[in-house]
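Nothing in this text is a laboratory measurement; each read-out follows from the coordinates by a stated rule. As the structure is a computational prediction, the values presented were derived from the model and not from experiment. All Cβ positions, even for glycine, are placed from backbone atoms using ideal geometry, and neighbour counts span all protein chains on display.
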Amino acid sequence: MPAPTRPITPQQRRADLILAAVVFVAGIISAVLSSISEIYGDEQAPLPFAVPYLVVLAAPLAFRRVWPAQVALVVSAAYFVAVTFRIPELYAGNVAMFIALYTVGAWMTNRRAATIVRATIIAGMFLWLIITMYRDAIDTADEADVIAGAMSPYIAFMLLQLLVNVLYFGGAYYFGERAWHSAMQRAALEQRTADLEREREVTAAQAVALDRVRIARELHDVVAHHVSVMGVQAGAARVVIDADPGEAKRILTGIESSARDAIGELRNLLETLRSSEEDAADAASTLDLDDITALVAATREAGIPATYEVIGEPRPVPAMVAVNLYRIAQESLTNARRHAGAGATADVRLRYTDAAVELEVVNTGRRVLTARAGLGQLGMRERAAASGGTIESGPRERGGWRVRVSVPLVASLAGATA
């Protein structure tokens with residue numbers, strides 16, 4: 001029979017050793033008292049025979065969880081031999097066999113084998129009991145009280161023996177099954193708890209990674225926009241500072257304003273990162289689609305002619321969608337200033353349809369032969385996906401770049417309401 005695969009703890013091993021010792025000591029006491037009381041009468045075997053019998057009976061119990069089937073067979077065989085040869089000990093044997101049968105049901109992993117082992121032992125014991133009862137009935141058939149009626153004392157005693165054995169073996173079988181199912185339920189619960197703990201750790205790690213991505217995206221959007229504006233303005237101021245000090249002064253004032261705006265947005269970003277999710281949502285809602293006008297104006301001040309057009313009837317847009325569209329427009333205009341080259345123009349269109357809101361940013365300029373995916377492009381794709389929309393971003397055949405974002409408005413509103 002296969003050994004059980006359930007883990008056996010050191011405490012359980014010690015408990016089995018103690019159980020074997022207790023059964024042996026109790027068996028010695030029971031054998032002495034049974035010998036004195038002469039439970040088998042003249043057919044009783046000598047008391048010293050009880051010692052090896054109790055060793056064979058009790059010692060296997062120390063390994064009952066390791067080899068439950070083997071232990072049950074050895075204990076049952078020892079008990080059968082002891083009763084057959086009238087060794088003066090019954091009670092420790094009964095206890096040991098009950099424990100052995102219970103252990104087969106409670107610890108054997110192969111449930112089919114466990115059923116076969118227990119059924120074989122129980123059938124063998126009942127067969128032996130029936131043979132014994134039949135033999136005793138033949139031996140006492142000439143006694144008058146045996147045939148005195150349907151419920152003579154002998155028949156009543158035999159029925160009582162059958163009932164006791166049914167309860168004895170049925171109890172060992174039932175409680176063994178109950179212990180097995182309880183152990184399986186407990187193991188399943190522990191496994192489920194371990195799985196949930198692993199899922200919690202994975203979720204926590206994912207949350208940290210998402211926070212890092214969000215922080216990186218926000219920092220890139222805030223810093224790249226303002227620094228690029230200040231870089232373009234600083235270059236323009238350097239060019240005109242000798243020829244037109246007034247114009248240079250105006251440009252420097254724009255640089256100062258851009259620096260102030262950058263510091264303000266960085267402060268808002270840090271406050272958002274320190275706040276709760278509800279506070280973060282409130283902080284994010286301070287940016288709206290109307291603020292795209294300021295982005296376009298800043299682009300013009302940086303030296304790139306830019307236009308802004310709203311097409312369709314404006315409709316309510318969830319705050320997070322508005323923030324993401326604003327940041328996409330900001331990144332697109334920043335890329336136009338950095339990469340479009342001299343003489344480039346930019347056009348921003350915000351289009352409302354029955355089912356969606358669309359943002360399109362198109363700039364002219366130098367042709368892009370190989371599109372290189374940077375952090376800005378990655379951030380725009382993440383923002384579009386977070387809004388439940390799609391994005392198209394790529395070079396134009398005539399030069400320049402086009403970014404087009406479409407966000408389903410009905411789904412966004414439903415998500416915001418939920």
Quiz item: To the nearest 20 debye, what charge dipole does the range 10-199 have about its Cα centre, counting +1 at the Cβ of each Lys and Arg and -1 at the Cβ of each Asp and Glu?
Solution: 1020 debye
Quiz item: Say the dipole of the range 10-199 comes from +1 at the beta carbon of Lys and Arg and -1 at that of Asp and Glu; which of 105, 160, 90 then lies farthest toward its positive end?
Solution: 105
Quiz item: With labels modelled as points extended 7 Å from the Cα through the Cβ direction, what inter-label distance (nm, one decimal) is found for residue 313 paired with residue 375?
Solution: 4.3 nm
Self-check item: Computed lengthening from residue 354 to residue 243, 0.36 nm per intervening residue step minus Cα-Cα distance
Solution: 34.7 nm
Exercise. Per residue of the range 290-302, in order, report the coupling 6.51 cos²θ - 1.76 cosθ + 1.60 (Karplus, θ = phi - 60°) as ³J(HN,Hα) in whole Hz, putting x for Gly and Pro.
Key: 5, 6, 4, 4, 5, 4, 5, 4, 5, 5, 4, 4, 7
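What's the exposure ranking of 296, 75, going from fewest to most Cβ atoms within 10 Å?
The order, fewest Cβ neighbours first, is 296, 75.
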Self-check item: Linear extension gain, residue 162 paired with residue 198, 0.36 nm per residue minus alpha-carbon span
Solution: 7.6 nm
Exercise. Run the dipole for the range 1-118 about the Cα centre, Lys and Arg Cβ at +1, Asp and Glu Cβ at -1, nothing else charged, and hand back the magnitude in debye, nearest 20.
Key: 820 debye
